[in-house]
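Readers should treat all values here as calculations from the given coordinates under stated rules, not as data from a laboratory. The structure presented is a predicted model; accordingly, all values stated were derived computationally and were not measured. Don't worry about glycine lacking a Cβ; one is built from the backbone with ideal geometry, like all the others, and counts go over all protein chains shown.
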Amino acid sequence: MKTHSNYYASQRTYAGHHDIDENEHGLGFYEVTMQGKCAGTFVNNKVHGRAAKTWIQGETYVGQYNNNIKEGHGVHTWASGAYFVGQFENNMPQGYGVLTTVHDGVKFIGRVVNYWPIEGKWYTSDNIEIEDPRDVGIYHDGCVYPSEGVKINAVGETVVTKDNVITTTEKNFITTMQDHYNGKRVSYHWGDWIKWYEGGFRYGRYHGNGHLEYHNGWTHTGVFAFGHEIFHSTYTSIATTNPETRSTHRRLDRNYCMVYDMMISYYHKFVDRQPVIVEFGIGRGDHLIHLRQLFPDAIIIAVDKLSPTSEPTNELEAQQIRDLKIAAQISGVEFYFDTDCYDKQSIYNIVSTHGDFDFAIHDATHTTTAWSKLDTIREVLSGPYGILITEEICCNNDQNDESSIDWHQVELALETGWRIWDLRPVSNVKQTNSLIGVYMNNRFDGSELNMLEITDVSN
Amino acid sequence: MLVTNVMLQNKFTGLGESADTVGEYVNGKLNGLGTTHTRTGQFKDDKPCGYIITDRNEITYTDNNDTTTKLITALYNGDIWIGDEFGILVKVDGQTVTGSYEDCVINTIMESK
C-alpha cells in the first residue's frame, strides 16, 4: 500500500498492482480522504479501462475510463436519487442514454449533455410516454419551479434567486450562500436527510449559531463550524450573538473568525488545564471582553507597548492611549503596559509569572516583517499545541494598497513553519491585506480551510 | 495489504489486494468497492450488489434480493442497448430507436432472420 501525502492536501492511499517501474498498473484501488474512493483498472498511474468510483457527497460512477476521464459507457448516480445510464465523454454524461430525474422518477431517453436533456422523449417512471413534459410540471431543460425563485434541475441541483440575483445554489446537499452570511437552507427534494437549517453561514457551510432539523426528528440548536455541529463556543458564535464591536466587526468582515474557530477547535482538543491567553496590542479592550467570553476560565493577559499614562508623540498614539484608558477599566485581565512584545526579556517576565502561552494573538501594529520578530513568543508556546496567531501577516497596514502583501516575506514565513491563509477571496469587503498567519509547534490538519491556505508563493 | 486465503478465512477486514482481486474486505469477503479481472463495481459478501461493469463493458445492477438488471448490453452485431426493459438502442451506424427491449431488440432480430 502506498500513501501520497501532501500535508496541506487530502491524503491519497493506493492498494493494488504495479508495473516494473512502480507505476500503478493493473487492478487497483485508491482512496482520497474527504473526497472518495475508486476501484478499477490502472495504466501508468491513471484509471484506464473500467472503474467504480464513489464520492463522499453521495455520487457514484461505474463505467469506462480513459486516462482518468469518464469516457465510454457508464452509470452515474447522484445523492438526490437521480441517475444516468449511457454514454460519457469529457468526464460527464454526453451522448445517448436514459436519465432518470429527481422529479418523481420521470425519465428522459435520448441525447443529453451533462445531464441537460437535448433531444429525445419523456416517460413516466412506468414507461408511459409524456407528449409534453410541462404536463407533469417539468420544463424541457429538465427543471421544475416549485415556488417563485426556486429552480431544481433534473438531478436535484437547486438554485434560489431573489430579485434576479442568485442567493443560494445547492448540489449534493451542499448549500452555498451568496453575498450574505445568514440564511436558511430548506430541503427541496426527496432523498435529503436534512429537513432544514437556519442560521449562520460562512464559506458556504453552516457556521455560527443555528438550528438544524433532520427528517427523522433529530435537531441541533447551537453552535456550528465548517458545516458540523459542535459543542463549544466559537469566535463566530460569540461575535454574532453580542453587539458587534470594532474588533469583532473587522474579524467577521474579513472572515478571520473562521481561522480563529479552526484553531479554537484544536485548542479544545488539547488544552486540559487553566489556559493562558495573551493578546499583544490592546486597543480599546473590546477583544479582551470577547476573549473572556470565549475562554471563561482562562488567565487573560494583555500586553501593549504604550500605557494609559504615556505621552503621545503623534495623533495615532494619542488615540491609542485614549483607547488604553478605556481598556484599563476591564476587570479580570492581567495588563502589561509599556511592554514591547518583541523584547525577549519582557516576554520571559510574563512567562515566569503566568506560565507558557496556550493561545497568543499578535495584534500589535502590523508591518511586513513583524512576524519575524515573534520568535520569542513561539519559544514560549505551551508544548506542542500552543497557538500563535498574527493578523495581516507579511502585510503593511494599508488595506487599500494593492501591493500591501510582501510575497517574499510570505515565502520566508512559510519556510519557518508559519501556516498562512489568504482570506481576500472571502472577505466581505475588499481589503488587500487580509492574510492571517498561525504558528503551532505541532503540525495540524487545517483542512477546514485548505482551499484558502497559501502553500506555494509561486502560484 | 496483500491478502492470502488464510487471512480471508480468518475474516480479514480492510483494504486488500491479491493477484486477481483488489478491494474492500469485511469478514474475509468483498464488501464495498472492488475489482477483479472480469468485474468491477460494488460487492456484498463477494457477490455483486449494486452496479457492476464487466470486462465486456456491460453494466448491470443487482439489488439486495440478488435480482440482476442489465443496464448496458452489448449486442452480437455491435449495437448497444441502454436501459432495462425500456430504453434506447444505439446502432453501429449511429441511428437510435427508443422503446421497449422487446420491440427494439428482440423483434428486430426476429425480423432480420
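If only the Cβ of Lys and Arg carry +1 and only the Cβ of Asp and Glu carry -1, the dipole of region A:2-125 around its Cα centre is close to 240 debye.
Counting only Cα atoms, the size of region A:2-125 along its three principal axes is 50, 26, 20 Å, in decreasing order. Taking other C-beta atoms within 10 Å as the exposure proxy, A:388, A:288, B:8 rank B:8, A:288, A:388 from fewest upward. Ranking A:441, A:117, A:324 by Cα position along the charge dipole of chain A, where only Lys, Arg, Asp and Glu carry charges on their C-beta atoms, puts A:117 farthest toward the positive end. Would you mind checking the pairs A:107/A:151; A:70/B:47; A:53/B:47; A:70/A:121; A:37/A:107; A:53/B:11 and listing those with alpha carbons more than 23 angstrom apart? A:70/B:47; A:70/A:121; A:37/A:107; A:53/B:11, as the Cα separations exceed 23 Å there. The mean count of C-beta atoms from other chains within 10 Å of the C-beta of residues in B:13-24, rounded to a whole number, is 5.
Looking at region B:10-94, the pairs of alpha carbons with a distance over 22 Å make up 35% of the total. Here the 3J(HN,Hα) profile of region A:133-139, calculated from phi with Karplus coefficients 6.51, -1.76 and 1.60 at θ = phi - 60°, is x, 5, 4, 10, x, 10, 7 Hz, Gly and Pro shown as x.
Compute the relative contact order of chain A as a whole-number percentage, counting only Cα pairs closer than 8 Å that sit 6 or more residues apart in sequence. Kindly include the intermediate steps, with their values, before the conclusion.
Values: 986 pairs, mean separation 33.1, N = 459.
It rounds to 7 percent for chain A.
Shown here is the pair-distance distribution of region A:261-414: with all Cα-Cα distances grouped in 10 Å bins from zero up to the longest one, the shares run 10, 38, 38, 13, 1 percent. Under the convention that each Lys and Arg Cβ holds +1 and each Asp and Glu Cβ holds -1, the size of the dipole of chain A around its Cα centre is about 840 debye. By other beta-carbon atoms within 10 Å, ranking A:341, B:104, A:395 with the fewest at the front produces B:104, A:341, A:395. With the convex hull constructed from alpha-carbon coordinates only, the protein assembly as shown shows a mean projected area of 33.3 nm² over all directions.
Suppose a student asked you for the relative contact order of region A:2-125, using Cα pairs under 8 Å spaced at least 6 residues apart; what percent would you report? Working shown, then result.
On the way: 309 pairs, mean separation 13.8, N = 124.
Reported relative contact order: 11 percent.
Along chain A, counting only GluC sites (Glu not before Pro) with a DSSP assignment other than H, G, I, E or B and at most 12 other Cβ atoms inside a 10 Å radius, the longest segment between sites is A:149-401.
For the residues B:2, A:414, what sequence is obtained by ranking on other C-beta atoms within 10 Å, fewest first? Before the final figure, lay out each step's value.
Numbers: B:2 10, A:414 18.
Neighbour counts put them in this order, fewest first: B:2, A:414.
Annotation for region A:228-325: trypsin sites (Lys or Arg not before Pro) lying in DSSP loop with at most 12 further Cβ atoms inside 10 Å of their Cβ are A:273. Taking every alpha-carbon pair under 8 Å whose residues sit at least 6 apart, region A:280-425 reaches a relative contact order of 20 percent.
Whole angstrom only: what separates the Cα centroid of region B:75-98 from the Cα centroid of region A:29-83? Spelled out, the Cα-based centre of one part sits 24 Å from the other. For region B:30-104, the set of trypsin sites (Lys or Arg not before Pro) satisfying both a DSSP loop assignment and a count of at most 12 other C-beta atoms within 10 Å is given as B:56.
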